[in-house]
There are 2 protein chains.
Amino acid sequence: MNRVTALLIGLILIAGCAHHRDRLSVLKEGRWIDLTWSFDEQSVYWPTNIPVRHETVFEGMNDKGYYYSSFKFSAEEHGGTHFDAPIHFAKGANSVEKVPVEQLVGEGVVVDVTAKAAVDRDYQVSIEDFQSWEEKNGRIPDGAIVLLNTGFAQYYPDKLKYTGTMLAGAAGVENLHFPGLHPDAAKWLVDQRKIKAVGLDTPSIDFGQSKDFMSHRILYARNLTAYENLANLNSLPAKGSWIIALPMKIRGGSGAPLRIVALIVKP
Amino acid sequence: MNRVTALLIGLILIAGCAHHRDRLSVLKEGRWIDLTWSFDEQSVYWPTNIPVRHETVFEGMNDKGYYYSSFKFSAEEHGGTHFDAPIHFAKGANSVEKVPVEQLVGEGVVVDVTAKAAVDRDYQVSIEDFQSWEEKNGRIPDGAIVLLNTGFAQYYPDKLKYTGTMLAGAAGVENLHFPGLHPDAAKWLVDQRKIKAVGLDTPSIDFGQSKDFMSHRILYARNLTAYENLANLNSLPAKGSWIIALPMKIRGGSGAPLRIVALIVKP
């Protein structure tokens, strides 16, 4: 290597580093994906829940001569794209406003179980599904947000196809059929890995036929959180995305409407 | 420069670049700040609005022997830490769910007017305030989210100190006294700079004594958005933060509860 070559290599490396010097560039150049369904009368809620209401306070030209619109709304905490705080199933655990921002953001790990869920509406994501992901992508990183792509987002908001039933109340609950996370796999995640949250594209972390909500209880007893009724998981890579999941900050909330987006960074 | 020196410089540069190769490191190493007040009975709403309600659906041990809690809530769109969609004051403009994610994230520009607002509750942020910011920090970057730190967050949620009045209804509206953005400055921002949104730590982008809400109308006619009742703006640097402002995705909403955080990247 002569001096000119060395100088050239140096200059190329300096240029490369300068490109990275603007630390905001990762955010400016990334691609943003919305993983959230809109809240409206079609939003999917638990069969025992009351639906969302969005009512007009004022809409139109006002007496001062300019356009104005304003509405009010009401909802249960656990419908549509929403956040579960640990206190939903764990006494004394964090309510929504107490979950620190650091736990609402993290590296996305997307586990694709669409093939299995397509032939079994009651499919429960297993330890083997996570092990198979790790064989291809390496160990689930500490601080990951684990997202389960069951493919059921394709049915949203068709209640019958998405949840398995159109019935309301207790009869509806009995007839729920959609995939979820198996309690053994929930236990493996909390014991064997260090994750922040689990999300999926069905109405509940536990599958529709669950009677004891054991995966909820396992996750929340360890102060983990969950996201339910997610959209667009099939737009995410298996790894390398960054998830930002910001729930409405309801004091004392056991859950809340969630706005969740993913950042796909430019390689 | 001899060969050994050249080699050493090269190795140092390679090491520096490798450190930057993990593009998620900016997100992993950054510091997150929550700019959001919790929603509760104390949340500050417009004097004509009804307050937030958060009601228990179930809380305690259930008949299956495990703890469970769930609540429901209702609110007007424009109270507490919230988002204004352009349709709030601009007919046919974007409602909440139509604002693209790219417009909900951007570089933070924090303009400190605390000294002026401390001696004048009716202070309106001026073109000169922005010019003074630019003299110190350079031109407001394209795509910026402009945040006005009036210092009024220190009074939240004390209604009298924060808004100027405890009265409800029309009498309350007449007696509002808090700082805002002057319409001339709003016009300068939309005409002379390319920003995405304006946020501040008071109940409204227009100051309390505004009768025509002209700054709202100027911003929203150009499809810009606004954030009101922000927290913790004094924790942000004048520039170099990244703002992520995710409203509850209410279809047709003129506004929505907003969860807003800032990322302070490690230099």
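The values are calculated or read from the model by the stated rules, or taken from the named source; none is laboratory data. Small disclaimer: the values here were computed from a predicted structure and weren't measured. Every residue, glycine as well, gets a Cβ built from its backbone with ideal geometry; the counts of neighbours run over all protein chains shown.
Numerical summary
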{"read-out": "Filtered residues of segment B:140-153 (kept if of a type in the set (G, A, S), in contact with a Leu (Cβ under 9 Å, 6 or more places away or on another chain) and not in a helix (DSSP H, G or I))", "value": "B:G151"}
{"read-out": "Residue list for segment A:50-70, restricted to those being under 27 Å from the mean Cα position of the chain (by Cα), surrounded by 16 or more Cβ atoms within 10 Å (Cβ to Cβ) and at pLDDT 95 or above", "value": "A:H54"}
{"read-out": "Some residue of segment B:231-240 being buried (at least 19 other Cβ atoms within 10 Å of the Cβ), within 12 Å of the chain's Cα centre (by Cα) and outside any loop (DSSP other than H, G, I, E, B)", "value": "yes"}
{"read-out": "Any hit, segment B:111-130, residues being of a type in the set (F, W, Y) and more than 27 Å from A:K28 (Cα to Cα)", "value": "yes"}
{"read-out": "Test result for B:D206, within 16 Å of the chain's Cα centre (by Cα) and part of a loop (DSSP other than H, G, I, E, B)", "value": "yes"}
{"read-out": "Subset tally (residues that are closer than 15 Å to A:F207 by Cα and not in a loop (DSSP other than H, G, I, E, B)) for segment A:154-186", "value": "12"}
{"read-out": "Filter result for the condition that a residue is of a type in the set (G, A, S) and crowded, with 16+ Cβ neighbours inside 10 Å, over B:G138, B:G169, B:G92, B:G164", "value": "B:G164"}
{"read-out": "Pairs with Cβ under 6 Å, 6+ apart, first in segment B:238-249 and more than 7 Å from chain A (Cβ to nearest Cβ), second part of a loop (DSSP other than H, G, I, E, B) and modelled with pLDDT of 95 or more", "value": "B:A245/B:L104"}
{"read-out": "Of residues in segment A:256-267 being crowded, with 21+ Cβ neighbours inside 10 Å and more than 7 Å from every other protein chain (Cβ to nearest Cβ), the one farthest from B:A75 (Cα to Cα)", "value": "A:L263"}
{"read-out": "Residue in segment B:222-229 that is modelled with pLDDT of 95 or more, surrounded by fewer than 20 Cβ atoms within 10 Å (Cβ to Cβ) and hydroxyl-bearing (S, T, Y) present", "value": "no"}
{"read-out": "Criterion violated by A:K211 - all others in (1) within 12 Å of chain B (Cβ to nearest Cβ); (2) in a loop (DSSP other than H, G, I, E, B); (3) buried (at least 24 other Cβ atoms within 10 Å of the Cβ) satisfied", "value": "(3)"}
{"read-out": "Lone qualifier among A:A115, A:A144 - being surrounded by 19 or more Cβ atoms within 10 Å (Cβ to Cβ) and of a type in the set (G, A, S)", "value": "A:A144"}
{"read-out": "Selection within segment B:174-222 - under 18 Å from A:S70 (Cα atoms) and aliphatic (A, V, I, L, M)", "value": "B:I205, B:M214, B:I218, B:L219, B:A221"}
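Table: residues versus (1) among the hydrophobic types (A, V, I, L, M, F, W, C); (2) without any contact (Cβ under 8 Å) to a residue 12 or more places away in the chain; (3) away from chain A (no Cβ under 14 Å).
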{"site": "B:M166", "(1), (2), (3)": "yes, yes, yes"}
{"site": "B:G180", "(1), (2), (3)": "no, no, yes"}
{"site": "B:W188", "(1), (2), (3)": "yes, no, yes"}
{"site": "B:Y227", "(1), (2), (3)": "no, no, no"}
